[in-house]
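The values are calculated or read from the model by the stated rules, or taken from the named source; none is laboratory data. All of these numbers come straight from a predicted model, not from anything done at the bench. Cβ: placed from backbone, ideal geometry, glycine included. Neighbour counts: every protein chain shown. Protein only, heavy atoms only, side chains kept; ligands, DNA and RNA dropped before computing areas. Shrake-Rupley method; radii C 1.70, N 1.55, O 1.52, S 1.80 Å.
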Amino acid sequence: MMSSARATLDTRYSFTAQFLCASAIFARRCAEIEAGADPDEQTLTEHRGLVTAAIMQSAAAIEAESAEVLTHGSGHHLGSNGVDTASRDFLAPLAEMIDRQQNPLQRYETILHLLHKVPLRRGEQPWQDTAILIQQMESKDLFKSLRNLRVKKPPFISTSTTFFPHQCLSAECAAWSVRTAVKFINVFYEQLEVRSPLSAYMGQFRGL
């Protein structure tokens, strides 16, 4: 009697890696601009836009990955034969409620709690930096938190300019955003005891 193994083709596209790989490209381009001659106004606009995009997309990657896990299970990136169907079937009915009622970090806490996994530690890395990354701009503590990161300002920006956006939006800030999101997602998957969906892309983040 012959048997054959069949796998279901999954055509879903996850934006987590896309957001972070693109942000890494943006951070490197910003570093090129900062290493060159004093930029003209158009290049300054490009630089500031790329840093902003890297920060926003890194934060979006954190959001996107929690949605992936809630909707499709902790092994969603491993193909149909790698999906943890038990976690998927358990979390999916709760996804909308969790997404509506909690901020991104709380969602990750809830997922680990519901799946009886070791929690992420508040007050330690990568939690602390990730909390800064995803803070809303109206947060009164955001600028203080960004200052405490002590990232280097662009060399063509004077120390007499305002901290935000001029001194803060630098290649180093863009790179920090990518590193922070990558580290957080990888640590989260370590807690889940599942291979990270970013494992195949780590070479693209090296050197940031």
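Here are the numbers for the structure shown:
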quantity: Residue in the stretch 77-90 that is under 22 Å from residue 178 (Cβ atoms), touching a residue at least 24 places away in the same chain (Cβ under 8 Å) and touching a Ser or Thr at 6+ places or on another chain (Cβ under 7 Å) present; calculated: yes
quantity: Residue, modelled with the lowest pLDDT, within the stretch 156-208, restricted to residues that are part of a helix (DSSP H, G or I) and of a type in the set (S, T, N, Q); calculated: 167
quantity: Residue 144, sole failed condition from (1) open to solvent by 80 Å² or more (accessible area, probe 1.4 Å); (2) touching a helix residue (DSSP H, G or I) at 6+ places or on another chain (Cβ under 9 Å); (3) part of a helix (DSSP H, G or I); calculated: (2)
quantity: Index of the failed condition, residue 45 passing every other in (1) exposed (fewer than 11 other Cβ atoms within 10 Å of the Cβ); (2) outside any loop (DSSP other than H, G, I, E, B); calculated: (1)
quantity: Cβ-Cβ under 7 Å pairs, at least 6 apart or on other chains, the stretch 180-208 side touching a residue at least 24 places away in the same chain (Cβ under 8 Å), far side of a type in the set (Asp, Glu); calculated: 180/129; 185/65
quantity: Flag for residue 67 being under 30 Å from residue 157 (Cβ atoms), open to solvent by less than 50 Å² (accessible area, probe 1.4 Å) and within 18 Å of the chain's Cα centre (by Cα); calculated: no
quantity: Qualifying residue in the stretch 91-114 (condition: open to solvent by less than 60 Å² (accessible area, probe 1.4 Å), in a loop (DSSP other than H, G, I, E, B) and in contact (Cβ under 8 Å) with a residue 12 or more places away in the chain); calculated: no
